[in-house]
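Quick notes on the structure that follows.
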Amino acid sequence: MMAAVAWRSLLPVIMISIFMVYEEWVSFPSCKLLPSTTYSPDKHVENVDDSLEDLKVMMVANLLLLGSEAGFVNLYFRDYYMSKFFKKSFQSLNPDMLLVLGDVSAKGSELSRTKWLSVLHQFDNMLGPFLDLPLHVILGDRDVGESSGLCANSVNWIARNFPGLDSSGCGAFEISNISFVSLNAVALLCGNNKLHFDVEKVIERESVDLQMEIEGMDEANNGFGMFSEMSNDFRWRVNAMKSGSGPVLLLHFPLYRSGKTHIGEGSTFKSIIDPSGKVPASAQREGFSRTGPYDLSQTVPPNATEYIFHALKPRIIFSAHTQEFSDHTHPDGTREVTIPAMTWKVRDDPGFIVATFQRNKSAVSVTYCSVARESHILIAYTSALVLFLSFIIVSNTLEPKGLS
């Protein structure tokens, strides 16, 4: 009898301990290295500092934070677990840098500056140990709003709150001998807008800098005044650089893609672009599949896409917005990886990407990482609650019989 009473008194402690262990275990990401979708022989890169190590970059997108408008479930459940996922990802993957490819806020374009500051505070709390690493954030359409109504002053204010962005929301930096260029893709949809021209100037400046670096100062200067009228909207400077010789390009909107591409999480691939324009089912949660500025099929226009390829010759492209993972190869052989949403607000199975840039090779390895499904966590909570209540009921039922 005494043993039975002692066992019943210890059972709640045992259950809580098991659940704590489960919660700790489920917070670690599950990662799988993806096969390259392009043929990329391992070419030795010249003039590489042998002291440099491979650069491991973790990339996330679509956090969709609500700041002071977050409700109980988002604040104490979803955002709590996302914070744990970031912390455990940092511990297990040991990345060198974090990139956030837009949509930090769920509705930043509608927020006052005071409410935006609450989003930024929530963002800092969620990142945790990543704040000690190099960090770069690009702007998404939910951060700055619809392209037709884009406000330069608003974009400038938001950009000032993220490291490395200029007044137009663009940035360029180099780390471990790897060059990165981030563009405000929302502004590229604006037409004849000041922000659009500012982004175009950034593309042109980076193109000239790259040619000066690769071809030498004299050749770059000789070609400075040479333009090619290849588009109705862009004047293109002659660029003799080879495809894939430019920087790593970071965008929120994917570049225009002709035909179908494929998504694949792990080794399973399926079509993501539906000719009917239907939004993926995983995105049809809590109104996040609305059209207009948040149309999930939105891409950079074809003429702007062609201009970017011509001017920058990107080594590899990383984009977001669709809330799904995809791995696409453009006609010139350039690889574009689209980052999935890192939130339970729009998908049951959030994820992120880890890109490893090898210091002595041109190839970039991409690893897809998934975190726990919201449905699995809810099932675990429900099961634990049912077991605990069952224990209480059984204990109350048996206790009188034991005393008699």
Query raised in the report: What is the set of long-range amide H partners of Leu65 at a cut-off below 5 Å, with H atoms built 1.01 Å from backbone N?
Result: Ser105, Ala106
Query raised in the report: Rounded to two decimals, what ratio of Rg to Rh does region 292-368 give with C-alpha atoms and a Kirkwood Rh?
Result: 1.00
Report task. For region 189-206, just list the computed ³J(HN,Hα) in residue order, Karplus coefficients 6.51, -1.76 and 1.60, θ = phi - 60°, integers in Hz, with x standing in for Gly and Pro. Result -> 9, 7, x, 7, 10, 4, 5, 4, 5, 5, 5, 4, 5, 4, 4, 5, 5, 5
Query - HN-Hα J in Hz across region 323-337 - Karplus 6.51, -1.76, 1.60, θ = phi - 60°, x for Gly and Pro - result: 6, 10, 7, 8, 10, 10, 10, 6, x, 7, x, 6, 8, 10, 10
**Report entry** Shape box of region 51-186 [Cα atoms, principal axes, largest first, Å]
**Finding:** 47, 35, 18
Query raised in the report: If amide H atoms are built 1.01 Å from N in the plane of the peptide, which residues on other chains or at least 5 residues away come under 5 Å of the amide H of Leu34?
Result: Val366, Thr367, Tyr368
Report summary line: Residues whose modelled amide H sits under 5 Å from the amide H of Gln323, counting only those 5 or more places away in sequence or on another chain, are Ala341
Report summary line: Quarter of the surface of the C-alpha convex hull for region 135-192, i.e. direction-averaged projected area in nm², equals 4.0
Query raised in the report: Hey, can you rank 342-350, 70-78 by average C-beta count inside 10 Å, highest first?
Result: 342-350, 70-78
Query raised in the report: Taking a 23 Å limit on the Cα-Cα distance, which of the listed pairs Lys32/Lys242; Lys194/Lys242; Lys56/Lys87; Lys84/Lys345 fall beyond it?
Result: Lys32/Lys242; Lys194/Lys242
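Relative to the present Cα-Cα distance, how much length would full extension add between Asp332 and Leu133 at 0.36 nm per residue of separation?
Result for the pair: 68.3 nm of gain on full extension.
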Query - Rounded to whole Hz, the Karplus (6.51, -1.76, 1.60) HN-Hα couplings of region 343-349, x for glycine and proline - result: 6, 7, 5, 10, 8, 6, 10
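For region 296-369, give the share of DSSP beta bridges that are antiparallel, in percent and rounded to the nearest 5; count only bridges with both residues there. It would help to have the intermediate numbers written out before the result.
Numbers: 10 of 13 bridges.
Taking every DSSP beta bridge with both residues in region 296-369, the antiparallel ones total about 75 percent.
Rule-based calculations on the coordinates, nothing more; no lab input. Given the structure is predicted, the values throughout are model-derived calculations rather than measurements. We place every Cβ from the backbone using ideal geometry, glycine too, and count neighbours over all the protein chains shown.
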